[in-house]
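Everything on this sheet refers to the single structure shown next.
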Amino acid sequence: MASIRLRTVNKQFGARHILKDINLDVGDSEFVVVVGPSGCGKSTLLRIVAGLESPTSGELWFDERAMTKVPAHARNIGMVFQNYALYPHMTVFDNLAFGMVARKASRPDIQHKIAEVASLLEIESLLSSKPGALSGGQRQRVAVGRALVRNPYAFLMDEPLSNLDALLRERMRIELRRLHDRLQIPTLYVTHDQTEAMTMADRIVVMRDGVILQVGEPEVVYHRPATAFVAQFLGSPPMNLIPITVRNGDAILHNAASTPVPLPPEIRHGLDAPSDVSMGFRPERLHLSSASSVGLSISAKVETVEPLGSRYHVHATWHGLPITWVTTEVGIARSTTLNLSIPWDELHWFEHGTGKRLEPLRASEMSLSLEMV
Amino acid sequence: MYRQAPAEPLALDQTSPRHHRWWHAWDPAGVREALVGYGLVLPSLLVFLVFYYAPAMFLLYIAFFHWNIFSSASTFVGLRNFRILLQQPIFWQSLLNTGYYVVVVVPVTTLLALALALLLREVRHIRGAGLSQALVFLPHVTPVVATSIIWVWIFDPNFGLANFVLHALHLPQLGWLSSVHWALPSVMIYTVWHSVGLYTVLFLAGLATLPKQVLEAAQIDGARGWLSFRRVVLPLIGPITFFVVVLATINTMQTFSQIYTLTGGPHGGAGGPAFSTTTDSLLIYQTAFLYLHFSLASAMSLILFALILAITLAQKLLADRMVFYR
């Protein structure tokens, strides 16, 4: 039984269609991350669940309760805002207490609960400070504490880590996830950061232009992206996408020379020929060719090498088309030509234009692991 | 050469100690910048000097002298002007009237302006909201003297709209401007009508700057209506409320035009009946330009100035403790 259910939710601001027929379930104690570029409607989706916006059409359910028309103050959800939105004129204690005061909790109850939450989040020493005196990370904790104090039905988080520096963001990512594992409160988390989505989510929801492109566990979405957009949005650096035309069993690269690349029969049969498709491969799945390599071989002319310490981002061209390779190999020199290869089953195929995933190899498995909406 | 350049303080660097002393700004760029700057402020500075600071300085001078507009001789009299003032019942009466006027008008205007601003903010997305805002602000842009004359008619005991309304509501009719008890309240009503628009607009501006997400957080926290207003909105607009109260206090302490126009004319000399509407600024005017006691009027102005300054400082001290939270 899902805790939060959205059914054919639409949202329009005038002529702008922000959300289009959104269907989404957040299960009990599930951590769902909605990810997408800015303007994709993910924040609006969250605000509809919070009650800060009302949908133009569609329904919202918390368990068996219809919530579509319930005002925000009666929904009992905890929300963490991007800029924390703490009450600047109140002490941390009062910030935490305000929600309980609004619900007319007794003073001892409030104190007991705040002591509990403050120790959980390690903000006991800050209780008498005002938000202006706190660091970003401390404000973040207080904002989480404020959402937590009322035993909310669900947690909504709107890019809660985006105002933190990289190091703190990494730490809070782990802490928030750990907190969720402990409290088991259903959580809907919105971010544009694919790393947050990958690392924190039980399930990822990828959105673009008001439409859900794919819902699934991070590993599934990463390894079997439903569209070319999802493929490029998740993963850093993004997946290499090479536009090709399949003709006479060859992949014709869309470069100046229209270089033909032979495809093995099992893939050739899965693709309609002639057709325009995009061939994708993850930068980290490429490896230096060896005698035993099978798969697509790529002769890459190295242009730049970005050392990141633990690995290198190698930017190269393959028959004039830009590709990226993530490797731990040391000593890759610029202007050299390398022989790389990638197994055939590591290649992704997407319809040109619609960007829809094609499964030339495993068409029969497609419906099993993909939850396409 | 290039390596030495950074050691020289930059001409635009305000924090460099050299620039605090303008006579050290010997470099041509600095001199030119200063010339251009002073040149630009000169016209308004001149106007201010001639019409504001110079009279103010002169006022400070004659307050301590026996000074006559018809003779060039003036004698230093120390605090005598002030002593005379303190012995005049009319001076105390005017202070009392002013106090009464300020104590009623400032809270009423502030509260009414806040209420109007909240109301206008609630309806801001409805068609015609802009017009309502304009209508609320409109009285403030009308000339005081002109609208005061209209209000003299409204307050007319026999034919005025005010008594007509009271009659329609089955309430006893009043003498308004001709009554010792109701003349000053009549002026208050006019002042509230005339000035509330300005403060409403100020509050609207203040409300527009409220952090939207904080209000939403309050909503999520389950607060609404009065609780949300008292615990979140009101503290957050504290700075603008402070500004409105200070401005309203200063304005009402100096009210002159409407008292002069409303209580003059058919009711005899302004400030009546029986000095019930003689506020300090009216008394200053009458002392100076009716009775030609410029020194006394100057002393009175100084007292009024000191009072306004003291009250504003007190308000500021209060606000520092209660209002500003950052």
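The values are calculated or read from the model by the stated rules, or taken from the named source; none is laboratory data. As the structure is a prediction and not an experimental result, all values here were calculated from the model. Because the Cβ atoms are built from the backbone with ideal geometry, glycine has one as well, and the counts that use them run over all protein chains shown. The accessibility values were calculated without ligands, DNA or RNA, using every heavy atom of the protein model including side chains. Shrake-Rupley method; radii C 1.70, N 1.55, O 1.52, S 1.80 Å.
Data table
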read-out: Output for the range B:77-98, where each listed residue is at positive phi and crowded, with 16+ Cβ neighbours inside 10 Å; value: none
read-out: Residue in the range B:220-231 that is in contact with a helix residue (DSSP H, G or I) (Cβ under 7 Å, 6 or more places away or on another chain) and away from chain A (no Cβ under 14 Å) present; value: no
read-out: Residues satisfying the stated conditions in the range A:216-250, i.e. part of a helix (DSSP H, G or I), open to solvent by 50 Å² or more (accessible area, probe 1.4 Å) and within 22 Å of A:Ala300 (Cβ to Cβ); value: A:Gln232
read-out: Matching residues, the range B:127-148, being surrounded by fewer than 14 Cβ atoms within 10 Å (Cβ to Cβ) and among the hydrophobic types (A, V, I, L, M, F, W, C); value: B:Leu131, B:Ala134, B:Leu135, B:Leu138, B:Val141, B:Val145, B:Ala146
read-out: Search result, residues across the range A:331-373 that are at pLDDT 85 or above, in contact with a helix residue (DSSP H, G or I) (Cβ under 9 Å, 6 or more places away or on another chain) and assigned to a strand (DSSP E or B); value: A:Ile342, A:His348, A:Trp349, A:Phe350, A:Glu351, A:Lys356, A:Arg357, A:Leu358
read-out: Residues located in the range A:251-261, provided they are open to solvent by 20 Å² or more (accessible area, probe 1.4 Å) and within 35 Å of the chain's Cα centre (by Cα); value: A:Ile252, A:His254, A:Asn255
read-out: Of the criteria (1) of a type outside the set (Asp, Glu); (2) within 11 Å of another protein chain (Cβ to nearest Cβ); (3) within 22 Å of A:Ile110 (Cβ to Cβ), which one A:Leu156 fails; value: (3)
read-out: Residues satisfying the stated conditions in the range A:279-316, i.e. among the hydrophobic types (A, V, I, L, M, F, W, C) and more than 27 Å from the chain's Cα centre (by Cα); value: A:Leu288, A:Ala291, A:Val294, A:Leu296, A:Ile298, A:Ala300, A:Val302, A:Val305, A:Ala316
read-out: Positions within the range A:97-117 being within 14 Å of chain B (Cβ to nearest Cβ) and open to solvent by 60 Å² or more (accessible area, probe 1.4 Å), in sequence order; value: A:Arg103, A:Lys104
read-out: Flag for B:Leu184 being open to solvent by less than 20 Å² (accessible area, probe 1.4 Å) and either modelled with pLDDT under 90 or more than 19 Å from the chain's Cα centre (by Cα) (or both); value: no
read-out: Single residue of the range B:267-286 satisfying the filter (on the phi < 0 side of the Ramachandran plot, open to solvent by 40 Å² or more (accessible area, probe 1.4 Å) and not hydroxyl-bearing (Ser, Thr, Tyr)) that is modelled with the highest pLDDT; value: B:Gly269
read-out: Residues that are crowded, with 17+ Cβ neighbours inside 10 Å and not small (Gly, Ala, Ser), drawn from the range A:36-45; value: A:Cys40, A:Lys42, A:Thr44, A:Leu45
read-out: Filter result for A:Asp94 (touching a Phe, Trp or Tyr at 6+ places or on another chain (Cβ under 6 Å), open to solvent by less than 60 Å² (accessible area, probe 1.4 Å) and at pLDDT 90 or above); value: no
read-out: Subset of the range B:199-217 (residues that are facing chain A (nearest Cβ under 7 Å) and in contact with a helix residue (DSSP H, G or I) (Cβ under 8 Å, 6 or more places away or on another chain)); value: B:Pro211, B:Val214, B:Glu216, B:Ala217
read-out: Given (1) within 23 Å of B:Gly272 (Cα to Cα); (2) touching a Leu at 6+ places or on another chain (Cβ under 7 Å); (3) among the hydroxyl-bearing types (Ser, Thr, Tyr), number of the condition B:Thr98 does not satisfy; value: (2)
read-out: Residue within the range A:165-173 that is within 25 Å of A:Ile77 (Cβ to Cβ), modelled with pLDDT under 90 and open to solvent by less than 10 Å² (accessible area, probe 1.4 Å) present; value: yes
read-out: Answer residue from the range A:2-35, given it is on the phi < 0 side of the Ramachandran plot and in a loop (DSSP other than H, G, I, E, B) and is least open to solvent (accessible area, probe 1.4 Å) among those; value: A:Glu30
read-out: Of residues in the range A:118-152 being within 14 Å of chain B (Cβ to nearest Cβ) and among the aliphatic types (A, V, I, L, M), the one most open to solvent (accessible area, probe 1.4 Å); value: A:Ala133
read-out: Residue in the range B:287-299 that is open to solvent by less than 20 Å² (accessible area, probe 1.4 Å), at pLDDT below 90, more than 21 Å from B:Val196 (Cβ to Cβ) and hydroxyl-bearing (Ser, Thr, Tyr) present; value: yes
read-out: Residue ID - nearest to the other protein chains (Cβ to nearest Cβ), chosen from residues in the range A:48-75 that are in contact (Cβ under 8 Å) with a residue 40 or more places away in the chain, surrounded by 17 or more Cβ atoms within 10 Å (Cβ to Cβ) and not small (Gly, Ala, Ser); value: A:Arg75
